[in-house]
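S.K.: A single structure is presented below for examination.
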Amino acid sequence: MASSNLEGFTADISKSLSGPEWLSEIRNKAYSDLDQVEAPDTEEEVWRYSRVNELKLSELTPNSKRPENLTSLPIDRFSSSSATVVLQDGWISDITIEKEAEEAGVIICPVGDLEDGAKYFGAVLEKPVDLFGYLNRAFGPEPLVVVVPQGTVIKDPIVIVSLTDTNEAVFPRIMVHCEDNSEVKVVEIQTSSNAEAVISPVLEVTVGRAARYSHCVVQNLGAETWQFAHQVVDAGKDASAEFYIAGIGGEYVRTRTDCRLTGRGAFSRINAAYFGEDDQTMDFRTFQDHISSDTTSDLLFKGALADSSRSIYSGLTKIRPEASRTRANQTNRNIKLDPEAWAESIPNLEIENNDVVCSHASTVSPVDEDELFYIESRGVPTSVAERLILEGFFNEIISSFPVQEVSAILQEAIVGKLDRRTLNQSEQQL
Amino acid sequence: MVGVNRWRKRGDRDMTNSSLVIKNLHVSVSGKPILKGINLEILPGEVHVVMGPNGSGKSTLSYALMGHPEYEVTEGEVTLDGKDMLALPSWQRAQAGLFLCLQHPIEVPGVTLESVLTESARAAGRETSTIKKQMLEEAESIGFEEKLLERPMNVDLSGGEKKRNETLQLGVLSARYAVLDEIDSGLDVDALAAVSQRIQGFTHDQNLGVLAITHFSRLLEVLEPDKIHILNDGCIQLTGGPELVNQLEEEGYQVLLGN
């Protein structure tokens, strides 16, 4: 039972949070359910290799106050966006909707502003899957909701900046609802100061019939921040749901992404690039759930691990009995740059239908010796050759991102990490 | 052409004191001795051909010269203009003027040829802004399609295209000694003609010294060899002039080597 560790997470704090009545009821229910929730443990398969046992829950308190001062925003580079939202320590602090999106009927607001807001909460994630999910329900401030009306195509991305500047536990929640045949891209930029915050964000997305949804996460948290993220999408008939994840910052960052392909002909993609350095841990769990027939899922995770950084990729592709003519692909490639770096890769397939095409592949290896030799044999110094190979390795992911500005941020972050590495190498040689 | 004058000038200098010298070279792979004392001296503009049966150590010679980490030199010397090559990492050997044309050029996903050649020029302190132009010129001279230059290195290239690509690099990098590891294997007639004529041109105009490793005499219809060496069981067992090729074609290795 987890509650014994949760002295700082009091009923009073949960009750003090603002929002509509139904939300308070959800919080109350989640709070009372905490008694029944087991604390995560690395003995469990879903937490294996994670660092959850290092987390001192008893020393944490939930953030309970809306921050007053808005810090500067890292969104200058978005030349055009349909809307900009700022979440600060999980609280909605600013929403700006451009005219075009507003006229198209796009709704972006605190969930309490909608009369029928309650229907979006838990629309995909009926029940939390772990302690952090329960805490998000019990201690999350009022969630953000995005509704894209039927048939509406929003060209420019909706940019959500999630800033954290506290040493407390923070619980942002975003709920996106794409009605039938709509199309939208959301960019979520996660940053934090060097605070030792523990962030547990939840993202729920429903993608209606034949709708097209893309979500880009730029995880650029501060070096001491921990995160336990859960993002879930439900894709309807002929819908397309795509996730793009740039894993850049944080001390320990766990991202669980569930793609539920409930409609016939639905498609999902999860592409991720991550680059660990120092003692960062990048922890990814994925679940591609093929519920209906003629569904397709594609997954490509590529990571580089430097210094004593670590990564975990653990993914399950599940093909349910009704999911005939499924196509599923799951690929994870890791380059281990230093002897102390460590990567674990566990792709799993669970197939309950015999009319499917599935593949999975995973590798953990140093930079390919033959590739390195080949480039060096053209007169390129070893460290530069390594850089070229790494840039090339990530290029496949970078170029797949649907928002150019996000590709640029990722590219720049990778170049920055490679610069630091080159600098460290040359210092060591001196 | 400005480039030609520059080359002639350097060639003149090379003629006086340059050479690639291999002395008593012993090489092991995974602890197993493959080369057991190779001696060769190649002067600028010379074409030396190494032939030999399968498993005689031909590819080992090329990889060891360029410094592939799997090939361990256990004894001997390799010098270029008196400079100890074995003490240098691969990239510095390349900077010193050594070039290896691989038998099976490596595919490097996501990395363009232009970026590699630019970084090589940068490391040498040479002008990098002209690399693309040089690439285009070389590509045209060997019939390498321009659009293929945009691809990641060797990815989705045919066997012939890969060898043209290697030859293009040889030209741009202005190497002084080239080790050609079976550059002719798997090439169609047109590609072989383009590649071998270009290399012959380098030996003639730029005094490129060549160590060509091959199974077949057809490369030598264009490339004019000065010396033929027969490699067998890790040693050069016979050296002669171009006439040795005909003799080999008629008699085979067994008879020629007196086994």
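The values are calculated or read from the model by the stated rules, or taken from the named source; none is laboratory data. Just so you know, these numbers come straight off a predicted model, no measurement behind them. With ideal geometry, Cβ positions are generated from the backbone for all residues, glycine too; neighbour counts draw on all protein chains shown.
S.K.: When you scan the stretch A:398-408, do you find a residue that is of a type in the set (Phe, Trp, Tyr) and more than 9 Å from every other protein chain (Cβ to nearest Cβ), even just one?
M.R.: Yes, that holds for at least one residue.
S.K.: Still on this structure, please answer the following. In the stretch B:120-143, which residue that is surrounded by fewer than 17 Cβ atoms within 10 Å (Cβ to Cβ), assigned to a helix (DSSP H, G or I) and of a type in the set (Asp, Glu) is nearest to the other protein chains (Cβ to nearest Cβ)?
M.R.: This residue is B:Glu137.
S.K.: Need the failing condition index for A:Glu376 against (1) in contact with a Phe, Trp or Tyr (Cβ under 7 Å, 6 or more places away or on another chain); (2) more than 14 Å from chain B (Cβ to nearest Cβ); (3) buried (at least 23 other Cβ atoms within 10 Å of the Cβ), just the number.
M.R.: Failing condition for A:Glu376: (2).
S.K.: Among what's in the stretch B:144-166 and is within 11 Å of chain A (Cβ to nearest Cβ) and touching a helix residue (DSSP H, G or I) at 6+ places or on another chain (Cβ under 9 Å), pick the residue that is surrounded by the most Cβ atoms within 10 Å (Cβ to Cβ).
M.R.: Residue satisfying both the conditions and the ranking: B:Met153.
S.K.: Which one of B:Val108, B:Val78 is touching a strand residue (DSSP E or B) at 6+ places or on another chain (Cβ under 9 Å), more than 10 Å from chain A (Cβ to nearest Cβ) and of a type outside the set (S, T, N, Q)?
M.R.: Result: B:Val78 is the single residue among B:Val108, B:Val78 that is touching a strand residue (DSSP E or B) at 6+ places or on another chain (Cβ under 9 Å), more than 10 Å from chain A (Cβ to nearest Cβ) and of a type outside the set (S, T, N, Q).
S.K.: Taking the stated definitions as given, is B:Val73 in a strand (DSSP E or B), under 18 Å from the mean Cα position of the chain (by Cα) and either facing chain A (nearest Cβ under 7 Å) or free of Cβ contacts under 8 Å to residues at least 60 places away in the same chain (or both)?
M.R.: For B:Val73, the condition - in a strand (DSSP E or B), under 18 Å from the mean Cα position of the chain (by Cα) and either facing chain A (nearest Cβ under 7 Å) or free of Cβ contacts under 8 Å to residues at least 60 places away in the same chain (or both) - is not met.
S.K.: Among the candidates B:Gln169, B:Gln200, B:Gln247, which residue alone is crowded, with 20+ Cβ neighbours inside 10 Å and either assigned to a helix (DSSP H, G or I) or at pLDDT below 90 (or both)?
M.R.: B:Gln169
S.K.: Looking at this structure, is A:Ile319 without any contact (Cβ under 8 Å) to a residue 40 or more places away in the chain, of a type in the set (A, V, I, L, M) and under 17 Å from A:Val232 (Cα atoms)?
M.R.: Taking the combined requirement at face value, the residue does not satisfy it.
S.K.: Now, a different point. Got a sec? Which of B:Leu180, B:Leu117, B:Leu100 is crowded, with 22+ Cβ neighbours inside 10 Å, within 22 Å of B:Leu43 (Cβ to Cβ) and at the interface with another protein chain (Cβ under 8 Å from one of its Cβ atoms)?
M.R.: Result: B:Leu100 is the single residue among B:Leu180, B:Leu117, B:Leu100 that is crowded, with 22+ Cβ neighbours inside 10 Å, within 22 Å of B:Leu43 (Cβ to Cβ) and at the interface with another protein chain (Cβ under 8 Å from one of its Cβ atoms).
S.K.: Identify, by number, the condition in (1) touching a Phe, Trp or Tyr at 6+ places or on another chain (Cβ under 8 Å); (2) surrounded by fewer than 23 Cβ atoms within 10 Å (Cβ to Cβ); (3) among the polar types (S, T, N, Q); (4) outside the structural domain of A:Lys185 (by TED's automatic domain parsing) that A:Thr295 doesn't meet.
M.R.: Result: A:Thr295 passes all but (2).
S.K.: I'm trying to understand the selection: among the residues of the stretch A:46-69, which are among the hydroxyl-bearing types (Ser, Thr, Tyr) and outside any loop (DSSP other than H, G, I, E, B)?
M.R.: A:Ser58
S.K.: Residue pairs, Cβ under 6 Å, 6 or more apart or interchain, first in the stretch B:77-91 and within 21 Å of A:Ile375 (Cα to Cα), second part of a loop (DSSP other than H, G, I, E, B) and among the polar types (S, T, N, Q). List them.
M.R.: Cβ pairs passing all conditions: B:Ser90/A:Ser377.
S.K.: If you take the residues of the stretch A:361-373 that are surrounded by 18 or more Cβ atoms within 10 Å (Cβ to Cβ) and either more than 13 Å from chain B (Cβ to nearest Cβ) or touching a Pro at 6+ places or on another chain (Cβ under 8 Å) (or both), which of them is nearest to B:Met85 (Cα to Cα)?
M.R.: Among them, the one singled out is A:Phe373.
S.K.: Looking at A:Asp116, A:Asp130, A:Asp165, can you tell me which residue is under 21 Å from A:Ile97 (Cβ atoms) and of a type in the set (D, E, K, R)?
M.R.: A:Asp116
S.K.: Go through the residues of the stretch A:19-36 one by one and say whether even a single one is exposed (fewer than 12 other Cβ atoms within 10 Å of the Cβ) and modelled with pLDDT of 95 or more.
M.R.: Taking every residue of the stretch A:19-36 in turn, at least one turns out to be exposed (fewer than 12 other Cβ atoms within 10 Å of the Cβ) and modelled with pLDDT of 95 or more.
S.K.: State all residues of the stretch B:204-222 that are crowded, with 21+ Cβ neighbours inside 10 Å and out of contact with any Lys or Arg (no Cβ under 9 Å at 6 or more places or on another chain); if no residue qualifies, say none.
M.R.: B:Val210, B:Leu211, B:Ala212, B:Leu219
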